[in-house]
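Visitor: My questions all concern the structure below.
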There are 2 protein chains.
Amino acid sequence: MTQKAYVQSLPPVQWSEEPAPRTPRDVLASLGVVTSFDRNSEIFAEDAAAEHIFIVLTGAVRICKLLGDGRRQIETFCLAGDVFGWETAARHRFSAEAVSECKVVRVKRAILFARASDDPELAHALWALTAAELTRTQNHLLVLGRKTAQERVATFLLDMAQRSTTGGTEVTLPMSRQDIADYLGLTIETVSRTLTHLEETAAIALPSSRRVLLKDSSALRGLNA
Amino acid sequence: MTQKAYVQSLPPVQWSEEPAPRTPRDVLASLGVVTSFDRNSEIFAEDAAAEHIFIVLTGAVRICKLLGDGRRQIETFCLAGDVFGWETAARHRFSAEAVSECKVVRVKRAILFARASDDPELAHALWALTAAELTRTQNHLLVLGRKTAQERVATFLLDMAQRSTTGGTEVTLPMSRQDIADYLGLTIETVSRTLTHLEETAAIALPSSRRVLLKDSSALRGLNA
DNA sequence: CGTCCAGTTGACAGTATTCAATAGCGGTGG
DNA sequence: CCACCGCTATTGAATACTGTCAACTGGACG
């Protein structure tokens, strides 16, 4: 939990070479400053005042809730391009921690609100952001409520593969087994065993613990529905 | 699943005698028509075109997702005053069914969008609605991911008690055990056993299967955190 | 080369599910 | 009014899946 964050001025934001597409994310990014976080450092705490919203540039972030006795539920993982910390209320309802070394853009919430009030397009974009998060959360609800361990892991791997920049059949997981377990509502041992089992059935290969090759995507998809 | 819905013209909407509070819900309600649905009838199907949004006037509605093999996850129950069917996308991502006989106000989505585009206040209210739904869903995620059967049922009972119009320690559940099970990610038997156990430990009383008395709220709250 | 930590594997336990039978409740009709 | 029917809920017994506890492995790093 060594929070060693430093701030630097924002270089011209350019994630693509195309002439000014100005997506909502670009707009957000142009309003903030870049901050770096070490692995496992806390970006903000549960119940902390929600003064900023964040966009991931590199690395991964986990969004979590804790129960009194230490049980943890990871609501989602945020990868490059994802927005987090965006709240209606004045306080964060969960904490955010760096899964890996990561760079994020930090934008003052007040500035955003001010702009949104006379920029309907931005306001709509912010609403769309909330709506997208809701959709994702609702899908995850089905996973946690009704899927088996195998199905959860398969769903997770397919999701990560789809989100990965390569988009292919190879995924490099930025997070630990414990993180995956807390995301899927399982234990670290069950995640490990399930991955081993998927490897034995030739659905995946595990060249290393963090690298996953989806050998038989259709088998995984069969576990998804 | 006998869908016997009839439409009637909207009487002046008045849920309170106070002089025009004009909450977002009132605004919505004033734009639509009242429709009634029989118990277990479908209000809209998963993947159906999302042409309307709805506000519950009386009764209860369940919002569900289905898995290929019939497993069901109820995302939420909507009671009087709740809004449902509000989507960004053109299609519903879940189905809605009447838990009990119920009356709802049906509002054309297109009308709402049109109004929202030149009424920033309405736009903000709609965003707040989505945000509130997100908060609720995220809390439920923690329940499904990390809580035991006892804790899930206790959380559910406290939530229903808080939402019930009386607000007291007595709840009349509009939904069946199967509905509760599908909401909490459990089986009907586990729900039943857990309720019996809570009754044995004097945390609740069950005068009838649908009526619950919270005898020892602090015990229930202890199971909540 | 040894330490440390993450991950894997094994044996066992426990919670929740499954399958099955029984009980209770509400409505209908004789 | 009561018997019967259908449906919902409860209870029981056995099973299965996942969790718990513990030992071990393997890779990274100094």
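Computed from the coordinates by the stated procedures, all read-outs in this text should not be read as laboratory data. Since we're looking at a predicted model, the values are computed, not measured. Neighbour counts run over all protein chains shown; Cβ positions are idealised from the backbone, glycine included.
Visitor: Counting only other chains, what is the mean number of Cβ atoms within 10 angstrom of the Cβ of each residue in peptide A:141-154? List each step's numbers first, then the result.
Guide: Details: counts 14, 11, 4, 9, 18, 10, 4, 1, 0, 0, 2, 0, 0, 0.
Mean partner shielding for this stretch: 5.
Visitor: Let me ask something else. How much mean residue ellipticity at 222 nm does chain A get from its helices, if each DSSP H run of length 4 or more adds -39500 (n - 2.57) and you divide by all residues, to the nearest 500 deg cm²/dmol? Spell out each step's value before the answer.
Guide: Working: 7 runs with 85 residues, N = 225.
Theoretical 222 nm ellipticity from helices: -12000 deg cm²/dmol.
Visitor: Set the Förster distance to 25 Å, then compute FRET efficiency between B:ARG91 and B:SER192 from the Cβ-Cβ distance, nearest 0.05.
Guide: Working: r = 36 Å, r/R0 = 1.43.
Efficiency for this residue pair is about 0.10.
Visitor: In nm to one decimal, list the spacings between the A:ASP216 label point and its equivalents in the other copies, with label points set 7 Å along Cα to Cβ, shortest first.
Guide: 5.2
Visitor: Non-local amide H neighbours of B:GLU75 (under 5 Å, H modeled in plane, Pro and chain starts lacking H): which ones?
Guide: Counting only residues 5 or more places away or on other chains, the set is B:ILE63, B:CYS64, B:LYS65.
Visitor: Pairs of Cα atoms under 8 Å, at least six residues apart: use those to get the relative contact order of the stretch A:147-222, whole percent. Walk me through the numbers before you get to the answer.
Guide: Working: 82 pairs, mean separation 26.0, N = 76.
It comes to 34 percent, rounded to a whole number.
Visitor: Tell me whether the stretch A:59-107 comes out rounded, prolate or oblate; compute the Cα gyration tensor, take square roots of the eigenvalues as a ≥ b ≥ c, and use a/c under 1.5 as the rounded threshold.
Guide: Numbers: a/c = 2.43, a/b = 1.29, b/c = 1.89.
Oblate, since a/c reaches 1.5 and b/c is not below a/b.
Visitor: Now a separate question. Select from A:LEU184, A:LEU57, A:ALA90 the residue farthest towards the positive end of the dipole of chain A; place +1 on Cβ of Lys and Arg, -1 on Cβ of Asp and Glu, and compute about the Cα centre.
Guide: A:LEU184
Visitor: Now a separate question. B:ALA110 to B:ARG71: extension gain in nm, 0.36 nm per residue of separation minus the Cα-Cα distance?
Guide: Numbers: separation 39, 0.36 × 39 = 14.04 nm, distance 3.30 nm.
Contour length minus the Cα-Cα distance gives 10.7 nm.
Visitor: With Rg and the Kirkwood Rh both taken from Cα atoms, where does Rg over Rh land for chain A? Please report the intermediate quantities before stating the final value.
Guide: Working: Rg = 18.3 Å, Rh = 18.7 Å.
Computed over Cα atoms, the ratio is 0.98.
Visitor: Would you kindly work out, in nm and rounded to one decimal, the distances from the label point of A:ALA125 to those of the same position in each other copy, ordered shortest first, with label points 7 Å along Cα-to-Cβ?
Guide: In nanometres, ordered from closest: 2.7.
Visitor: Which whole-number percent gives the relative contact order of chain A, counting Cα pairs below 8 Å spaced six or more residues apart?
Guide: Values: 369 pairs, mean separation 40.4, N = 225.
Rounded, it is 18 percent for chain A.
Visitor: State, to one decimal in nm and shortest first, how far the label point of B:GLU51 sits from each corresponding label point in the other identical copies (label point: 7 angstrom along Cα-to-Cβ).
Guide: Nearest first, the other copies' label points are 5.0 nm away.
Visitor: Using Cα positions and a limit of under 19 Å, work out the lysines in reach of B:LYS147, with same-chain residues fewer than 8 apart set aside.
Guide: Within reach: A:LYS65, A:LYS147.
Visitor: Residues with amide H under 5 Å of A:ILE43's amide H, sequence separation 5 or more or different chain, H placed in the peptide plane at 1.01 Å from N; which?
Guide: A:ALA96, A:GLU97, A:ALA98
Visitor: Could you tell me which of rounded, prolate or oblate describes the protein assembly as shown, using a ≥ b ≥ c as the square roots of the eigenvalues of the alpha-carbon gyration tensor, with rounded for a/c under 1.5 and, failing that, prolate when a/b is larger than b/c and oblate otherwise? Each step should come with its number before you reach the end.
Guide: Working: a/c = 1.65, a/b = 1.21, b/c = 1.37.
Note, shape of the protein assembly as shown comes out oblate.
Visitor: Need one word for the stretch B:185-225: rounded, prolate or oblate. Basis is the Cα gyration tensor (sqrt eigenvalues a ≥ b ≥ c); a/c below 1.5 gives rounded, then a/b vs b/c decides.
Guide: Working: a/c = 1.99, a/b = 1.17, b/c = 1.69.
Oblate.
Visitor: Determine, for each peptide in B:203-213, B:138-148, the mean count of other beta carbons within 10 angstrom over its residues, then list the peptides with the highest first. List each step's numbers first, then the result.
Guide: Details: B:203-213: 14.8, B:138-148: 20.6.
Sorting B:203-213, B:138-148 by mean packing, highest first, produces B:138-148, B:203-213.
Visitor: Using the Cα centre as the reference, give the magnitude of the dipole from point charges on the C-beta atoms of the stretch B:59-191 (Lys, Arg: +1; Asp, Glu: -1; all else neutral), rounded to the nearest 20 debye.
Guide: About 280 debye.
Visitor: Related question: Normalise the Debye intensity by I(0) for the stretch B:147-222, one equal point scatterer per Cα, no solvent, then take log10 at q = 0.12, 0.17, 0.21 Å⁻¹ and round to two decimals.
Guide: Calculated log10 I(q)/I(0) at the listed q: -0.26, -0.55, -0.89.
Visitor: If you place +1 on the Cβ of every Lys and Arg, -1 on the Cβ of every Asp and Glu, and leave all else neutral, what size is the dipole of the stretch B:147-222 about its Cα centre, to the nearest 20 Debye? Write out the running numbers ahead of the final one.
Guide: Working: 9 positive and 9 negative charges, 19 e Å.
So the dipole magnitude of the stretch B:147-222 works out to roughly 80 debye.
Visitor: Helix B:188-200 sits at what angle to the longest principal axis of chain B, using alpha carbons and giving 0 to 90 degrees rounded to 10?
Guide: 60 degrees
Visitor: Let's see if you can work this out: charge +1 on each Lys and Arg Cβ, -1 on each Asp and Glu Cβ, no other charges. What is the dipole magnitude of the protein assembly as shown about its Cα centre, in debye to the nearest 20? Don't jump to the answer; show the numbers that get you there.
Guide: Values: 52 positive and 54 negative charges, 103 e Å.
That gives the protein assembly as shown a dipole magnitude of about 500 debye.
Visitor: First select every other residue whose beta carbon is under 14 angstrom from the beta carbon of A:ASN224; then total the charges, Lys and Arg +1, Asp and Glu -1. Kindly include the intermediate steps, with their values, before the conclusion.
Guide: Numbers: positive: A:ARG146, A:LYS147, A:ARG152, A:ARG221, B:LYS65, B:ARG71; negative: A:GLU151, A:ASP159, A:ASP216, B:ASP69.
For residues surrounding A:ASN224, the net value is +2.
Visitor: I would also like to ask the following. For an R0 of 56 angstrom, estimate the FRET efficiency from the Cβ-Cβ distance between A:GLU170 and B:ASP118 and round to the nearest 0.05.
Guide: Numbers: r = 48 Å, r/R0 = 0.86.
E(calc), rounded to 0.05, equals 0.70.
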